[in-house]
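Here the structure comes first, spelled out in structure tokens, and everything after it is commentary.
The values are calculated or read from the model by the stated rules, or taken from the named source; none is laboratory data. Since this is a predicted model, take the numbers as computed values, not measurements. Virtual Cβ from ideal backbone geometry, glycine too; neighbours counted across all protein chains shown.
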Amino acid sequence: MTAYLLRRTAFLVVSLLLAAAVLFLLLRLLPGDPANSLLSVGATPDQIAAARHQIGTDRPLAAQFVSWIGQMATFDLGTSFVSTLPVGPEIASRLAVTVPLTLLSFALAVVVALPVGFVAAHKADTWYGTLLSGVSQLGIAVPVFWVGMLLITVFSLSLRVLPAGGFPQDDWADPAQALTSLVLPVVTIALVMAASLIRYVRSATLDVLGSDYLRTSRALGSSFARAMWRHGLRNAIVPVISILGIELATTFLGAVVVESVFALPGLGGMLVKGLAQHDYPVIQGILFVSTLVVLVIGFVADLAQRLIDPRLRHSLARDAR
Amino acid sequence: MSAQARTARRRSLPLTAGCVLVGLVVAVAVVSLFWVPFTPDDTSGDRLMPPGLPHLLGTDKLGRDLLTQLMIGARIALAAGAGSVVLGGVIGLAAGLAAGFATRWLDDVVSALLDILIAFPTLLLAMLVAATQTASLTSAIVAIGLAMSAIVARLTRVLVKRVLAQDYITASRTSGTSWPRVIAEHVLPNIWPTLTVNLALQFGLAVLAEASLSYLGLGAPPPNASWGRMLAEAQASVFIAPVGVIAPGVLIVLLVVGVNLVADGLRDVADPTRRRRRR
């Protein structure tokens, strides 16, 4: 386990460095000069050169990359080209919206999907089992932003019970108000996410229900509930955990679209604005933090799987990945 | 009807239903190549008209005919799906084959790269690519296709490794068959069924990704009506002209459900063991 932990941590660090390099290069391929965002139309060549010097884009690429990685190592994400404010604190304040949004949606989706997926498999032959599978089939085909639009129409515009978008100016100073403005976005993401989770839970449960070990356990006199608890759940949960990791990461980054539907001041809005203004430190900072989050989620999901399933612990790390 | 025939019919039901749904959208797209009620940039109609004559489904906030836009949108959705699948499929297959055959350390490097690419979801990658060019249908397809290629490559790699471990490959090599022939005669035919099912699912995901991108303004620019952008534009006038908010969304769902049903149907045809288990 220690050897695996070391290997996996090394993989995490190398991945992060690689991702940072890819990000950095990809951004430099963006057409358009960030210096232009600082200046008004009709700036003289001298002014453009001065602006480039000020933000450091006149230095060689390698030098820019090294100083950027150096900054990252000390948790300094640089300053925005456009607003000249430090990027780190702004990202942190945006995360105060995006992280609760992601975690609440995720929790709601899991709470809905686990029992529904189980029932859809256990009762696959009944009309409601079929209905549940059908609904989840429909759910994975629905664009998430459309769900948001429809929910706004019903709950904000028609019934007027929930805000259509926005977030309190003072963030979480009034938690009730902040939570209220997150209700519709959370439900939107959770609905779409639960639909795809249900399918995975259902298929993992079907595998277990058809397994020899469950039949043996029943034949030896265990009740269905006990056989499921002792043997079924542990087996079914392993593939589901790796899916959960991927889903959590997807939600975190997919929040971009939903934040835009509900005009939430999250990471997504900041990224869209940064892209439009060619604000390299902002884009790099957000993508770096996002990549870090995504890689750490994958790391935790892998570890959790190993803790639950001893077979993975004893097999070669290579095959398990 | 015998039990066997009944199962066979139930099995083909998703495939049939899926083909009908996808066929409908394809038919609309084909018709739109030859005939649409109005030209897409014709703003002569009154704004936000309800369904009626001459605008069967009404007009949008600029007075453009909704039916026309929906028909052209079908073309764009299918182009986005097909373009991404072809691009992602070709790159992914090539990379996956290479990784599947590669020596251990090269395979490690490629797998690590793929893991990182996959950790980066389609939408974010697509936003980056779309931002490196001016947003267009092509930039959206390139972005979605590239993101997809990582997923296809990872799947191909696993499938290739599984086939290469079989005894018949060793037998074939021992009797002097060249690697290219082994690939053509044994590897590709064996991985093809699973790959096709996955590509069908990816087609649906590509349609959804394109809708999201154009909703954010990173897809096909006007007057090309993409369903995603139609939704973004109609959002403000949902009570005056509800058709504009409902119709494009319903069409996206129908197309993606159709494609997913086709994928399910193909999977049941391709994998008899799964079929038995499911029943």
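Assorted remarks:
- Given (1) modelled with pLDDT of 90 or more; (2) facing another protein chain (nearest Cβ under 8 Å); (3) surrounded by fewer than 21 Cβ atoms within 10 Å (Cβ to Cβ), index of the condition B:V250 fails: (2)
Here's the yes/no breakdown for (1) assigned to a helix (DSSP H, G or I); (2) out of contact with any Leu (no Cβ under 9 Å at 6 or more places or on another chain); (3) within 11 Å of chain B (Cβ to nearest Cβ); (4) over 28 Å from A:Q54 (Cα atoms):
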{"position": "A:S203", "(1), (2), (3), (4)": "yes, yes, yes, yes"}
{"position": "A:D207", "(1), (2), (3), (4)": "yes, yes, yes, yes"}
{"position": "A:T216", "(1), (2), (3), (4)": "yes, yes, no, yes"}
{"position": "A:N235", "(1), (2), (3), (4)": "yes, no, no, yes"}
{"position": "A:I246", "(1), (2), (3), (4)": "yes, yes, yes, yes"}
{"position": "A:F252", "(1), (2), (3), (4)": "yes, no, yes, yes"}
{"position": "A:K273", "(1), (2), (3), (4)": "yes, yes, no, no"}
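Residues checked against (1) touching a Ser or Thr at 6+ places or on another chain (Cβ under 7 Å); (2) of a type in the set (G, A, S):
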position: B:A200; (1), (2): no, yes
position: B:A206; (1), (2): yes, yes
position: B:S214; (1), (2): yes, yes
position: B:G219; (1), (2): yes, yes
position: B:W227; (1), (2): no, no
position: B:M230; (1), (2): no, no
position: B:V238; (1), (2): yes, no
position: B:A247; (1), (2): no, yes
position: B:I252; (1), (2): no, no
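- Checking each residue in region A:276-293 for being within 10 Å of chain B (Cβ to nearest Cβ) and farther than 30 Å from A:Q177 by Cβ picks out A:H278, A:I283, A:L287, A:T291.
- Condition broken by B:L199, with the remaining ones in (1) touching a Pro at 6+ places or on another chain (Cβ under 7 Å); (2) away from chain A (no Cβ under 14 Å) satisfied: (1)
- Residue match in region A:177-191 (condition: within 14 Å of chain B (Cβ to nearest Cβ), in contact with a helix residue (DSSP H, G or I) (Cβ under 9 Å, 6 or more places away or on another chain) and surrounded by fewer than 17 Cβ atoms within 10 Å (Cβ to Cβ)): no
- On the stretch given as region A:148-166, residues that are free of Cβ contacts under 8 Å to residues at least 60 places away in the same chain, of a type outside the set (S, T, N, Q) and more than 9 Å from chain B (Cβ to nearest Cβ) total 8.
- Yes/no for A:D170 being assigned to a helix (DSSP H, G or I), out of contact with any Phe, Trp or Tyr (no Cβ under 8 Å at 6 or more places or on another chain) and acidic (D, E): no
- Within region B:227-247, the only residue that satisfies the criterion of being more than 10 Å from every other protein chain (Cβ to nearest Cβ) and without any contact (Cβ under 8 Å) to a residue 60 or more places away in the chain is B:R229.
- Restricting region A:254-266 to residues that are among the small types (G, A, S) and part of a helix (DSSP H, G or I), the residue that is nearest to A:W146 (Cα to Cα): A:S260
- Test: residue in region B:211-219 that is among the aromatic types (F, W, Y), within 16 Å of B:L15 (Cβ to Cβ) and surrounded by 20 or more Cβ atoms within 10 Å (Cβ to Cβ): no
- Region A:121-142 residues that are of a type outside the set (D, E), paired with ones that are assigned to a loop (DSSP other than H, G, I, E, B) and crowded, with 16+ Cβ neighbours inside 10 Å (beta carbon under 8 Å, 6 or more apart): A:T130/A:A124; A:S133/A:A124
- Every listed requirement among (1) touching an Asp or Glu at 6+ places or on another chain (Cβ under 7 Å); (2) farther than 28 Å from B:L15 by Cβ is met by B:I144 save one, (2).
- Residue satisfying all of: in region A:89-147; within 14 Å of chain B (Cβ to nearest Cβ) and among the polar types (S, T, N, Q); nearest to B:V262 (Cα to Cα) among these: A:Q137
- Residues being over 20 Å from A:I246 (Cβ atoms), among the small types (G, A, S) and within 24 Å of the chain's Cα centre (by Cα) are represented in region A:132-151 by at least one member.
- If you go through region A:53-76 and keep only what is aliphatic (A, V, I, L, M) and surrounded by 13 or more Cβ atoms within 10 Å (Cβ to Cβ), you end up with A:I55, A:I69, A:M72.
- Note on region A:129-160: among residues that are at pLDDT 85 or above and of a type in the set (S, T, Y), the one that is farthest from A:L209 (Cα to Cα) is A:T153.
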